[in-house]
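Please read the structure below before turning to the comments.
The values are calculated or read from the model by the stated rules, or taken from the named source; none is laboratory data. Keep in mind that this is a model prediction, so the values were computed, not measured. Ideal geometry is used to build each Cβ from the backbone, glycine not excepted, and the neighbour counts take in all protein chains shown. When the accessible area is computed, the model is the full protein with side chains, heavy atoms only, and any ligands, DNA or RNA have been set aside. Shrake-Rupley method; radii C 1.70, N 1.55, O 1.52, S 1.80 Å.
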Amino acid sequence: MNSSFRTVRGYELKRYSENPLTPALEDYLEMIYRYCEDKPYIRVKTLANLLDVKASSASKMIKKLKQLDLVDYEKYGIIKLTEKGVKEGKLLLNRHNIIENFLLFIGCKENTLIQTELIEHYITPSTVKKIDTLCNFFNDNKDVLEKYLQYRDKH
């Protein structure tokens, strides 16, 4: 019997020991990054509204992101990304976009955002890179893309 198998929770715990950003923290950081692409800062209330959570919950998560040096924040003030936060937020948004585009590419139309949100927290950076490479290959080879789309639509 292969002893490397774990429960989903076991894989989550292993992941958290390697990366201090939980899926929830990733979601907060990604949303801050999205918002701050067009604006220099975000407020807790705005962030809470965007994520459909209470402001008190958002405040707790912002404090954790501050401890990880991903945001600058003073109580009742504005939230700004640190240089480290910008870098990590950009990676998170890129990962999200690659996965969402891949799901759309293969023909997923049902709950694409939900599926993307669930997948993105458990996929490795190297797998995301491979997915991106595959999509780029198809986009650069329209003849192969057309054959794939015909095949996909028949099945």
Check your understanding: What pairs come up if the first residue lies in region 40-67 and is closer than 12 Å to residue 28 by Cβ and of a type in the set (D, E, K, R), the second is at pLDDT 95 or above and open to solvent by 50 Å² or more (accessible area, probe 1.4 Å), and their beta carbons are under 9 Å apart, counting only those six or more places apart or on different chains?
Key -> 66/72
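In region 114-138, how many are over 15 Å from residue 26 (Cβ atoms) and not basic (Lys, Arg)?
Within region 114-138, the subset over 15 Å from residue 26 (Cβ atoms) is 114-115, 126-127, 129-138.
So of that shortlist, the ones also not basic (Lys, Arg) come out as 114-115, 126-127, 131-138.
Matching residues across region 114-138 total 12.
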Review point. Any chance region 67-84 includes a residue that's surrounded by 13 or more Cβ atoms within 10 Å (Cβ to Cβ) and in a helix (DSSP H, G or I)?
Key: no
Point to revise | Count - residues of region 108-129 that are part of a loop (DSSP other than H, G, I, E, B) and either open to solvent by less than 30 Å² (accessible area, probe 1.4 Å) or among the small types (Gly, Ala, Ser) (or both) | key: 1
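Part of a loop (DSSP other than H, G, I, E, B), in contact with a Lys or Arg (Cβ under 8 Å, 6 or more places away or on another chain) and either open to solvent by less than 90 Å² (accessible area, probe 1.4 Å) or at negative phi (or both): is that true of residue 40 in this structure?
Values: part of a loop (DSSP other than H, G, I, E, B): yes; in contact with a Lys or Arg (Cβ under 8 Å, 6 or more places away or on another chain): yes; either open to solvent by less than 90 Å² (accessible area, probe 1.4 Å) or at negative phi (or both): yes.
Against the criterion (part of a loop (DSSP other than H, G, I, E, B), in contact with a Lys or Arg (Cβ under 8 Å, 6 or more places away or on another chain) and either open to solvent by less than 90 Å² (accessible area, probe 1.4 Å) or at negative phi (or both)), residue 40 qualifies.
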